[in-house]
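Written below as structure tokens is the structure these notes are about.
The values are calculated or read from the model by the stated rules, or taken from the named source; none is laboratory data. Please read these numbers as outputs of a predicted model, since none were measured by experiment. Cβ placement follows ideal geometry from the backbone for every residue including glycine, while neighbour counts extend to all protein chains displayed. When the accessible area is computed, the model is the full protein with side chains, heavy atoms only, and any ligands, DNA or RNA have been set aside. Shrake-Rupley method; radii C 1.70, N 1.55, O 1.52, S 1.80 Å.
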Amino acid sequence: MKRSIKIIIGIISSIFILLFAFAAISYMLLKSYVPDYEWESRTDQITEDIKIYRDSNAVPYIITGNQTDAAFGLGFVHAQERLFQMDIARRAGQGKLSEVFGNQTLEFDLMFRKLRIEKTADEHYNQLSPLSKDMLTAYSKGVNYYLDQFDGKYSVEFDVIGYQPERWTPKHSIIIAKMLAFELNLSWWSDITFSHLLQKFDEERVKEIIPDYPENAPTIIPDHIKNFPPVSLDLIKSDKAYRDFIKFTGTHIGSNNWVVNANKSQSGKSIIANDPHLAFQAPGRWYLASIKSPELNVDGFTLPGLPAVVIGKNENISWVLTNVMADDADFYFEQLDSTETNYFLDGEWKPLKIEEDTVKVKDSLDVIFEIKSTHRGPIVTGARTFTPLFETDNIEKATISMNWTAFTFSDELKAILLINKANNWNEFLTGVEEFTIPGQNFVYGDNQGNIGYVCAARLPLRNNPSPTMIYDGTTTESDWNGFIPFDEMPKLFNPSENYIASANNKTIRDYKYHISNIWEPPSRILRIEEFLELKRDV
């Protein structure tokens with residue numbers, strides 16, 4: 001054999017051996033990050049044994065003797081498989097991404113600190129029901145038990161980025177819920193964008209630009225819009241930059257759910273379906289699990305960070321969700337004095353609530369700033385907020401505050417837990433009544449063939465009939481006057497065989513209701529007056 005051929009064969013063999021060695025080492029390295037599903041341990045943090053089985057699709061079945069131990073088990077498996085996803089979500093809400101990623105995420109941290117996501121979670125935790133606190137505490141212990149038992153052996157992302165997760169606390173779960181409400185809120189861009197357009201163009205041109213507005217429909221455009229400084233799009237830009245960074249991109253608006261009652265199904269049972277259009281992620285947003293205890297016997301989709309089944313079924317009922325897309329946030333032009341410590345309201349100066357805060361930034365100096373709030377909510381744009389740190393122009397911009405239903409206390413965990421345990425429509429309604437943010441269309445079916453729909457959202461009572469523009473904040477005329485009572489929210493139970501209940505994110509509005517549900521008989525679509533006449537309780 002010629003020497004040249006031997007050399008070529010040697011080189012090819014060496015390359016093959018190196019590639020094989022690289023593949024083997026890579027496989028072993030990556031496999032070391034796969035959770036150990038055969039693992040056993042003993043701890044005094046639970047009162048009953050917890051057994052976790054997985055089926056062929058790795059769906060966990062958590063079986064234990066009480067609901068708090070079930071929450072512990074769910075916290076453990078969430079941390080076991082979704083710890084990085086959970087950690088990034090809570091860091092975003094806390095405004096702590098920059099501790100890991102440096103200056104590239106400073107804008108987002110300042111935005112969420114200005115919105116007081118973490119501070120609001122702290123305030124709301126103290127008002128939670130004992131049930132919610134117990135479940136959140138047990139869930140946190142489950143997450144932290146995983147952190148303790150597998151210290152230094154977390155998922156590969158932590159080693160790649162080079163940091164270790166903090167311990168989980170109950171408030172972190174509240175932050176996860178608030179961040180979901182933030183993601184599903186549509187007022188972030190609509191109120192600001194429409195007002196910005198009105199300052200740029202005349203009314204007729206804006207009517208042409210705003211999409212899907214009915215031709216020749218009346219418009220209510222406030223006179224004060226052009227009397228204030230230019231509306232900044234900083235909040236929208238920061239929001240978009242955050243979503244791009246987290247990869248909340250793509251077309252994912254417009255969830256669907258439907259249910260058919262026993263009279264319309266071949267099996268004689270109700271049929272229910274759901275297609276929630278949340279943004280694509282890797283791993284996905286939802287985490288399928290089955291939980292069995294004397295209090296809970298529920299299967300369905302959980303959200304890593306939360307100790308309950310959000311969409312699912314138990315032995316007696318099933319429920320599914322779509323986003324109401326309610327207008328549950330308003331913005332206000334504020335007039336500040338020269339010291340920027342007071343705001344003008346109803347003819348007099350009122351002191352701003354001012355809080356000093358600090359964002360720690362990796363490989364850089366800490367950023368110290370102020371959070372300023374009126375009686376309605378935090379100031380989110382204007383001089384000395386998050387984006388001027390990155391701007392070079394000196395153009396005066398409007399100072400705008402925000403009110404959002406997520407700033408008002410609610411106990412969604414209690415709501416979902418009550419729904420998880422519900423045996424019938426009345427018990428289901430008791431849970432749904434507690435659910436307010438993010439507003440959801442709940443569609444219901446039970447093992448008796450009954451079906452139903454409830455609009456679960458906190459909708460402000462407004463004096464001003466123009467909720468899609470920035471209000472004049474120098475007066476209390478546009479302040480909220482409470483919320484629409486749950487008894488007056490759209491709901492329908494066990495309709496006749498000629499009706500199919502559906503919620504497909506089409507919004508119908510009048511001055512009292514914001515309804516994102518239509519009920520479609522086979523031959524026609526109900527007018528809103530007919531819908532409200534059909535609305536009835538059990």
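Among the residues of segment 433-456, which ones are under 10 Å from residue 493 (Cα atoms) and assigned to a loop (DSSP other than H, G, I, E, B)?
Within segment 433-456, 450 is the sole residue that qualifies.
If a residue must be under 26 Å from residue 407 (Cα atoms), surrounded by 22 or more Cβ atoms within 10 Å (Cβ to Cβ) and either at pLDDT 95 or above or not β-branched (Val, Ile, Thr) (or both), how many such residues does segment 312-326 contain?
Qualifying residue count, segment 312-326: 4.
Which ranges mark the helices (runs of 4 or more DSSP H) fully within segment 89-156 that have 3 or more residues being among the β-branched types (Val, Ile, Thr), under 20 Å from the mean Cα position of the chain (by Cα) and crowded, with 19+ Cβ neighbours inside 10 Å?
Those helices (runs of 4 or more DSSP H) do not exist here; none qualify.
Do we find a residue being outside any loop (DSSP other than H, G, I, E, B), at pLDDT below 75 and either surrounded by fewer than 14 Cβ atoms within 10 Å (Cβ to Cβ) or of a type outside the set (A, V, I, L, M) (or both) anywhere in segment 500-510?
yes
Please specify each residue of segment 27-47 satisfying the condition of being open to solvent by less than 90 Å² (accessible area, probe 1.4 Å) and at pLDDT 90 or above.
Once the filter is applied, which keeps residues that are open to solvent by less than 90 Å² (accessible area, probe 1.4 Å) and at pLDDT 90 or above, segment 27-47 yields 43, 45, 46.
Applying the selection to segment 331-368, what residues are basic (Lys, Arg) and under 30 Å from residue 476 (Cα atoms)?
Answer for segment 331-368, where residues must be basic (Lys, Arg) and under 30 Å from residue 476 (Cα atoms): 350, 353.
With the structure loaded, tell me whether residue 466 is at pLDDT below 90, of a type in the set (Ser, Thr, Tyr), open to solvent by less than 40 Å² (accessible area, probe 1.4 Å) and farther than 20 Å from residue 256 by Cα or whether it fails that test.
Taking the combined requirement at face value, the residue satisfies it.
Go through segment 70-82 residue by residue and tally those that are open to solvent by less than 10 Å² (accessible area, probe 1.4 Å) and under 22 Å from the mean Cα position of the chain (by Cα).
Counting residues in segment 70-82 that are open to solvent by less than 10 Å² (accessible area, probe 1.4 Å) and under 22 Å from the mean Cα position of the chain (by Cα) gives 6.
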